[in-house]
Amino acid sequence: MIYLDNAATTKLKKSALEAMLPCFDQNYANPSAVYLAAGKARRVVENAREIFAAGLNCDRDEIYFTSGGTESDNWAIFGTAEALRDKGRHIITQKTEHHAVLNSCEALRRKGFEITLLDVDENGIVDPAALEKAIRRDTVLVSIMAANNETGTLQKIGEIGEIVRSKRTLFHTDAVQAFGHMPLDVKALHIDLLSASSHKLGGPKGVGILYKSLDADTAPFIYGGGQERGMRSGTENVPGIAGFAAAFEEREDTKKVSELRDHMTGRLLKEISGIRLNGGIGMKLPGIVNVSIDRVKGDSVLMRLSSLGICASTGSACTSGNGESSHVLRAMGFDKERCDSSLRFSLSGENTLEEIDETVDALKNIVDDFRSITI
Ligand code: PLP
């Protein structure tokens, strides 16, 4: 198998597996209990919290463990809306966000909040000046992702953070695709809330974090026994947290990944006619290549690639297969044909040059085949 769908999920790193295994059959006590064995489990959780706090340049008390990126996004949005509902009911986000953000905002709209959905340019980038104009006295939250899951486009979160801070509003960023793949210093970037997920960087599924600055007024989202300092109840996923921290510590070789990406992009653009890059060349995550190929259907190409053991995607894993064009590419102003002929390849440090070359060769043959049929 050639796995080029790392933006959907990643293979578990060996270091993550090794960190997790003892938490199942030896160090399995509930971290909230009082005996010695519980203290050991507690130390696993607290050690991980320190690793993430150091990685983001924040206080350990600003890290909360969750069940993943979707929960962290929901918590940041619903929790802030709940805490600040008397201050204002206006939230700003943008059109290419993940549905974890878009659908949370939509749910709030139905409850009487006003949502401003900012446009993006043809590279998928939000204009910080347009964002500044959209902020009002009653704006309680601005949610702009760090990196897009379909195109890899990076937003100008440093500039956006500065603007939002100067307007005394809270800034949330969905960093699910960026975390562990690029440096993120929440203090330097003026980020108040940040969502991250373990399974996008070689950790297990079903675990994530919400960074919440000590100054951010955000209500709890899950109520219960009072774990995570009363902010996120539920017995901690100790094996998941241990694996997530180990995967995060073993940073990816981003230089290798971007070299593979550039090699793939270069060959595709040179060797396949009528191919267009979605999301531009600069301001991108190291591992994502998103292209549209004239006169072919992305879904059909994927099936053929799949029959050769090559795994790629047409859009985000959560929405591909539902028959709708990508909301991300549509927001970038592309017509239906360009959206429906798109393919996403997301690379990791585990991929090799040979795998990339094999994929490009296979793609060239498939495209030639389809075009010869449709002529
Ligand atoms: N946000 C982005 C940008 C994502 O890419 C994803 C997953 O695809 C999520 C949120 C949801 O994360 P999780 O799968 O951990 O719930």
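The numbers here are math on the coordinates, done by the rules we state, and not lab data. A quick note: this is a predicted structure, and the numbers were derived from the prediction, not measured. FYI the Cβ positions are ideal-geometry reconstructions off the backbone, even for glycines, and counts take in every protein chain you see.
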For the chain, alpha-carbon Rg and Dmax in angstrom: 21.2, 73
Arrange Arg110, Arg137 by Cβ neighbour counts within 10 Å, fewest through most, would you? Arg110, Arg137
Can you sort Ser346, Ser307, Ser32, Ser213 so the residue with the fewest Cβ neighbours within 10 Å comes first? Ser307, Ser32, Ser213, Ser346
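So what is the calculated 222 nm ellipticity per residue for the chain, using -39500 (n - 2.57) for each DSSP H run with n of 4 or more, over all residues, to the nearest 500 deg cm²/dmol?
It comes out at -12500 deg cm²/dmol, rounded to the nearest 500.
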For segment 116-193, what is Rg from Cα atoms divided by 2.2 N^0.38 Å, rounded to two decimals? 1.04
Surface/4 estimate of mean projected area, convex hull on alpha-carbon atoms of segment 249-299, nm²: 4.6 nm²
Over the chain, what is the percentage of antiparallel beta bridges among all DSSP beta bridges, to the nearest 5? 50 percent
If the limit is 19 Å between Cα atoms, which of Lys13/Lys187; Lys200/Lys284; Lys40/Lys205; Lys133/Lys336; Lys87/Lys111 go over it? Lys13/Lys187; Lys40/Lys205; Lys133/Lys336
Local charge sum around Glu50 (other residues, Cβ-Cβ under 12 Å, Lys/Arg +1, Asp/Glu -1)? -2
Under the √(5λ) rule applied to the eigenvalues of the Cα gyration tensor, what semi-axes describe the equivalent ellipsoid of segment 46-135? Give them in Å, descending. 26, 18, 13
Shape of segment 112-268, Cα gyration tensor, a/c cut at 1.5: oblate
Note on segment 136-249, DSSP bridge orientation, antiparallel percent to nearest 5 equals 45 percent
Largest-first principal axis extents, alpha carbons of segment 1-107, Å: 48, 46, 26
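Taking R0 as 56 Å, what's the FRET efficiency between Glu46 and Leu308 from their Cβ-Cβ distance, rounded to 0.05?
Efficiency, rounded to the nearest 0.05: 0.75.
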Could you work out how much longer the chain between Asp217 and Asp185 gets when fully extended? Use 0.36 nm per residue separation minus the Cα distance between them, nm to one decimal. 9.5 nm
Sort Asp294, Asp61 so the one with the fewest other Cβ atoms within 10 Å of its own Cβ comes first. Asp61, Asp294
